[in-house]
1. For region 1-11, give me the residue count where each residue is surrounded by fewer than 17 Cβ atoms within 10 Å (Cβ to Cβ) and among the hydrophobic types (A, V, I, L, M, F, W, C).
2. Could you tell me how many of the residues in region 32-61 are assigned to a helix (DSSP H, G or I) and under 17 Å from the mean Cα position of the chain (by Cα)?
3. Being of a type outside the set (Phe, Trp, Tyr) and farther than 27 Å from residue 107 by Cα narrows it down to one of 36, 61, 23, so name that one.
4. Does residue 20 satisfy the criteria of being hydroxyl-bearing (Ser, Thr, Tyr) and exposed (fewer than 15 other Cβ atoms within 10 Å of the Cβ)?
5. Mind checking which residues of region 50-61 are without any contact (Cβ under 8 Å) to a residue 12 or more places away in the chain and exposed (fewer than 15 other Cβ atoms within 10 Å of the Cβ)?
6. Restricting the search to region 64-119, which residues are in contact with a Gly (Cβ under 9 Å, 6 or more places away or on another chain), part of a loop (DSSP other than H, G, I, E, B) and either surrounded by 16 or more Cβ atoms within 10 Å (Cβ to Cβ) or of a type in the set (S, T, N, Q) (or both)?
7. Regarding residue 51, is this residue touching a helix residue (DSSP H, G or I) at 6+ places or on another chain (Cβ under 8 Å), basic (Lys, Arg) and modelled with pLDDT of 95 or more?
8. Residue by residue through region 32-81, note down the ones that are among the charged types (D, E, K, R) and over 21 Å from residue 15 (Cβ atoms).
Amino acid sequence: MKLLLDTHILLAFVDDRLPSLGPAVERIVGDSRVEPYASVASIWEIAIKWRAGKLNMRLRPDDLAEFFVEIGISILPIEARHVVAPFDPEPPTRDPFDRLLLSICHADGLKLVTIDRALRSHPLSFGVSLS
């Protein structure tokens, strides 16, 4: 199963706090049948927030792609087909990064693993509740 990990989950990997997201997330990402992916869009979002002083993490943004690959998470580039992929249904968010992640899932046949309440119920999401 090919799963795109959202930005919150990727940050939990970076800061070694995956257990704080709950056993469901750990089970999903630890399943040997899962092919985990990170989007360049998430790395970009993290870099923007880090430069704005909104994130404090143990790695610099320029080290993220290498870190993810080292722990077995493949990196997906952003392609033109990702930014024009249609939505059905329309996602319940206006956040451009969330919308891009869903668009990538649609174009590439992935499911988005997310803890974001706004996205959990979308058909392209594999939503996980923290409770």
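The values are calculated or read from the model by the stated rules, or taken from the named source; none is laboratory data. Remember, predicted model here, so these are calculated numbers, not experimental data. So basically every Cβ, Gly included, is an ideal-geometry build from the backbone, and we count neighbours across all protein chains shown.
1. 1
2. Residues that pass the stated criteria total 12.
3. 23
4. yes
5. Residues satisfying the conditions are 51, 52, 53, 54, 56, 60.
6. Residues satisfying the conditions are 115, 116, 119.
7. Yes, satisfied.
8. 33, 35, 79, 81
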